[in-house]
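Worksheet: one structure, shown below.
The values are calculated or read from the model by the stated rules, or taken from the named source; none is laboratory data. Everything numeric here is computed off the predicted structure, so don't read it as measured data. Every residue, glycine as well, gets a Cβ built from its backbone with ideal geometry; the counts of neighbours run over all protein chains shown. When the accessible area is computed, the model is the full protein with side chains, heavy atoms only, and any ligands, DNA or RNA have been set aside. Shrake-Rupley method; radii C 1.70, N 1.55, O 1.52, S 1.80 Å.
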Amino acid sequence: MKYLGVNEIREAFLKFFESKEHLRLQSFPLVPQNDNSLLLINSGMAPMKAYFTGQEIPPSKRVTTCQKCIRTGDIENVGKTARHGTFFEMLGDFSFGDYFKNEIIPWSWEFVTKVLEIPEDKLYVTIYEEDDETGNIWHEKVGLPRERIVKLGKADNFWEHGTGPCGPCTEIYFDRGEAYGCDSPTCGVGCDCDRYMEFWNLVLTQFNANEDGTYTELAQKNVDTGMGLERMATIMQGVDSIFDVDTIKAIRDAVCQKAGVQYGTDAKIDVSVRVITDHIRSVTMMTADGVLPSNEGRGYVLRRLLRRAARHGKLLGIEGEFLAELSKSVIACSGEAYPELVSKKDHIFKILSIEENSFYKTIDKGMEILKADMEEMKAAGVKVMSGEKSFRLYDTYGFPVDLTKEILAEENMEIDENAFAEEMKQQKERARAARAKSNYMGAAATVYNDLSVDLETAFAGYDVFEICDAKVVALVANDKIAQVAHTGDSVAVFLDKTPFYAESGGQVGDKGTIKTDTGVIEVTDCIKVIGGKIAHIGEVTEGSLEMGATVCAAIDKGLRMASARNHTATHLLHKALRTVLGSHVEQAGSYVSAERLRFDFTHFAALTTEEVQQVEKLVNDAIFASYEVFAEEMSMNAAREKGAMALFGEKYGDVVRVVDMGGYSIELCGGAHLANTAQVGSFKILSENGVAAGVRRIEALTGAEALKYYQAQEAEIKEMCKLVKATPDKLLARLEQILAEQKETAKELEKLKAKMAGGAADEILNTKIEINGVTVLAAEIKDIDGNGLRTLGDQLKQKMASGVIVLASGKDGKVNLMAMATDDVVKKGAHAGNIIKAAATVCGGGGGGRPNMAQAGGKDATKIADALQKAKEVITEQIG
């Protein structure tokens, strides 16, 4: 068995499958495209899901890749063992309805034994226990002895993910020898010890899993294989772990050199070295693919990995920044395979440096506080850190909660998860208030913290739209606490009581005016800031406003009523969705303004047209039923007994506000509503779509906005009627008539084009040439579709009697290609399918077919001449 480096194995694999007519594709980016189910690509198959599901046409029916992957599910184990890692490369070959078991199994054996030269007596395979077909291919076609074919159950050797395509797996194992075994008399393939290492999984998708648990054979079978490159390298290099293979060892050595330590001499040092080695690979690759550090999503994954690596650098005694420098070793090892690492190296260095530097500015202080907190906990015999303390580390000192957990776990401690979650919720509320404030008043984010903690505002705006004896109890002008504000000043006014509803629960804040004897304030928003204080955001448009002044606060009643229509409608919508779709539906978010409403809810499939219509009808029925809307406060227990719905994920106090709409809809809610559902007027759904896994969104209009929508639709219909000369009641029939006439005209046009092309057959024949004694006709025909090309090809074939015909045409921005070969020329080696496949590739397309006839399509009509030249070259090779 020969030694091969990581880069050599990768290239050998890809070249091998290229020799089997596979298209080599570059690794897809780590950021998924059009796939909301993943934060990061985590397998070779993941970026090709659209090909397997038929949503997109693959560039070739045979594809091979080496895919960059990130998995962080067991990040806590990275470093602690020599087997776990977050970044890895997955070699794979894929068949989209092309070859299947009889091809991939012998090919995999050929690659392993002939290319990699792994001794056959070191290899075993596993198969699904009911898949005798695969076992027979291994035994009869490959020649593997039965005793080296191990049957395993569904959990090990059958790929299935709910309903849909599924199938058996067959895996190839390498026997590392008795030294790696467990000495158990039953030790064998499938044992949990380290002796038998699985390195290549062949997933053979041949069934469809039905709802009732049965399986039906797929008409189009697929192949999806995956070989972990680093794991394969451990075999080819005879080393014990992925951290010992050549490219990763080079990074590991760079870490050791930077830290001034030696690997393998101290267990704790080794853990830190492995963490940094793995994580620097991940963050370098992620940054190259455009991921930026943040506190959510994939950005948080990047930040978490980077900060974890930085912390372990500190444990090793590394002074100053080092991650950007270490990323150079990743680029040096993998830049040839992933050229984006080289082209984006300056960007990588900058991002890693900025983020690491930012972390160091806070990490030392945070570590001091954490250690002090831990010492207090030890002294008090406490094992659980409070939510307040753990959140302070996260929010103030930049400590990811996972890092705090990890450090605590080293001392057998933990955090209070529920308390931390509550602190996080409050922080999000503060962040929303700060963002609103920044929009209206600039960037100062701490001025509200300077207000008295006792400051309170009584909200009286459920039923009252104007209060003329309110007093100014606090005033912020131009980002500073003030005693007076003048014309042009941006202000946040705090009153002792107000009719203004502050943005909450998805309902936007009120707008309106605050007037005094000395001035006028135009209120453009109303928000809740720290401590639940109600801030009236706006500008002094006339005169001045002083602290302690008595004011008249009045909301814009029209805007409030419009918002209330939409809010009341969301309650009716929630009820209708649960009625139509089921009780699993829960509100997952909402936005209610004067213009429209947006309602997010839990559901796992797109609504059908009929379901949307049912929901819309139920909401309008409830509007027309004129239910009175009552709101009252009661205990939580009383609310439950009344049947009130609580929003998913919300936490409530002992006393809650219940909004009851005639018994039809009963929910806990603190928002502003109508007095009667009839005031909604009407309800119209504009759209329904998915926004996240298991979350759907409906956007809708009510009241005057719905009327505007209907009027716009009516105006558009009238314009359409004018264009096609029809009355509204006959518009559909008229459009169907026009489309039918257009379709018939198109057919006649294609017939005419085919006839004209056929008439030009003799002229086209004059362009034929001879290649190695075979007549070859390769020509471009203007503006004709695939059927027309085939008809013309049949005519030319009859006239030629013997030869090869290749025709191409550009139509509607697309390319149609067709090739034919007479039987005598096929016997000489001509193959129309391979000719057309090569030509189509030049035009950015694909296709194929039989030896005597094939068709294909392309995307770039400017390459037709090049495609025809390529066809001639292939013909020359075939009959040479």
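Observations on the model:
- Total charge dipole magnitude, the chain, about the Cα centre, Cβ charges on Lys, Arg, Asp, Glu only, Debye to nearest 20: 2220
- Residue-by-residue Karplus 3J(HN,Hα) for segment 508-514, coefficients 6.51, -1.76, 1.60, Hz, glycine and proline x: 5, x, 6, 10, x, 9, 10
- Each label point was placed 7 Å from the Cα along the Cα-to-Cβ direction; for GLN798 and CYS193 their separation is 7.6 nm.
- Cα shape, segment 1-111, gyration tensor, a/c 1.5 rule: oblate
- Anchor LYS528: lysines whose Cα lies under 23 Å away (excluding residues fewer than 8 positions away in-chain): LYS425, LYS428, LYS437, LYS471, LYS480, LYS497, LYS511, LYS515, LYS557, LYS651
- Full extension of the chain segment joining ASP454 with ARG24 gains 148.0 nm, where the gain is 0.36 nm per residue of separation less the Cα-Cα distance.
- Here HIS139 and THR608 are evaluated by their C-beta separation; at R0 = 41 Å the FRET efficiency comes out at 0.25.
- Measuring nothing but protein heavy atoms, the accessible surface of segment 454-569 at 1.4 Å probe radius is 47 percent carbon and sulfur.
- Near the amide H of ILE771, within less than 5 Å, lie the amide hydrogens of VAL776, all on another chain or at least 5 residues away, with H placed in the peptide plane.
- By the equivalent-ellipsoid construction on the alpha carbon gyration tensor, the chain comes out with semi-axes of 59, 45, 26 Å, ordered largest to smallest.
- Remark: the GLU129-LYS708 segment gains 202.0 nm on full extension, using 0.36 nm per residue and subtracting the alpha carbon distance.
- FRET efficiency for the LYS725 to ASP860 pair, using the beta carbon distance and R₀ = 45 Å, is estimated at 0.65.
- Carbon + sulfur, % of accessible area of segment 168-238 - ligands and nucleic acids excluded, 1.4 Å: 42
- For the chain, with +1 on Lys and Arg beta carbons and -1 on Asp and Glu, the positive-most of VAL261, LEU686, THR81 along the dipole: LEU686
- Rolling a 1.4 Å probe over the protein heavy atoms gives segment 255-324 an accessible area of 36 Å² per residue.
- Averaged over its residues, segment 517-663 has an accessible area of 46 Å² per residue, based on protein heavy atoms and a 1.4 Å probe.
- Most to least packed among 727-734, 633-640 [average Cβ atoms within 10 Å]: 633-640, 727-734
- A Cβ-based charge dipole, computed about the Cα centre of segment 593-639 with Lys and Arg at +1 and Asp and Glu at -1, lands at about 140 debye.
- Under 5 Å from the amide H of SER27 lie the amide H atoms of CYS66, each residue being 5 or more positions distant or on a separate chain, with H modelled from the backbone and absent for Pro and chain starts.
- Sequence-ordered 3J(HN,Hα) estimates for segment 630-643 from the Karplus curve with 6.51, -1.76 and 1.60 and θ = phi - 60° stand at 10, 10, 8, 8, 7, 6, 4, 5, 5, 5, 5, 4, 6, x Hz, glycine and proline given as x.
- Inter-label distance, nm, simple model (7 Å from Cα along the C-beta direction), LYS480/ALA733: 7.7
- Efficiency of FRET between ASN637 and GLU422 - r from beta-carbon atoms, R0 30 angstrom, step 0.05: 0.85
- Ordering MET547, PRO728, ILE875 by the projection of their Cα atoms onto the charge dipole of the chain, which places +1 on the Cβ of Lys and Arg and -1 on the Cβ of Asp and Glu, puts ILE875 at the extreme positive end.
- With the cut-off at under 16 Å, measuring from each backbone N in segment 158-183 to a point 7 Å along the Cα-to-Cβ line of ARG146 picks out no residue.
- Annotation: extensible slack from ASP812 through TYR591 equals 75.3 nm (criterion: 0.36 nm per residue apart, minus Cα-Cα distance).
- Distance between modelled label sites at ILE769 and TYR462, nm, 7 Å Cα→Cβ extension: 8.8
- Toward the positive end of the charge dipole of the chain, with +1 on the Cβ of Lys and Arg and -1 on the Cβ of Asp and Glu, the farthest Cα among VAL815, GLY320, THR216 is that of VAL815.
- With all protein chains in place and a 1.4 Å probe, the accessible surface of segment 48-135 carries 44 percent carbon and sulfur.
- Highest-first arrangement of 324-331, 544-551, 160-167, where packing means the average Cβ count within 10 Å: 324-331, 544-551, 160-167
- Solvent-accessible area per residue in segment 705-860 equals 58 Å², computed with a 1.4 angstrom probe and all protein chains kept.
- Per-residue HN-Hα couplings for segment 198-203 [Karplus 6.51, -1.76, 1.60; θ = phi - 60°; Hz; x = Gly/Pro]: 6, 10, 8, 10, 10, 8
- Here is how the number arises for the chain: DSSP H runs of 4 or more residues each give -39500 (n - 2.57), the sum is divided by the residue count, and the result at 222 nm is -13000 deg cm²/dmol.
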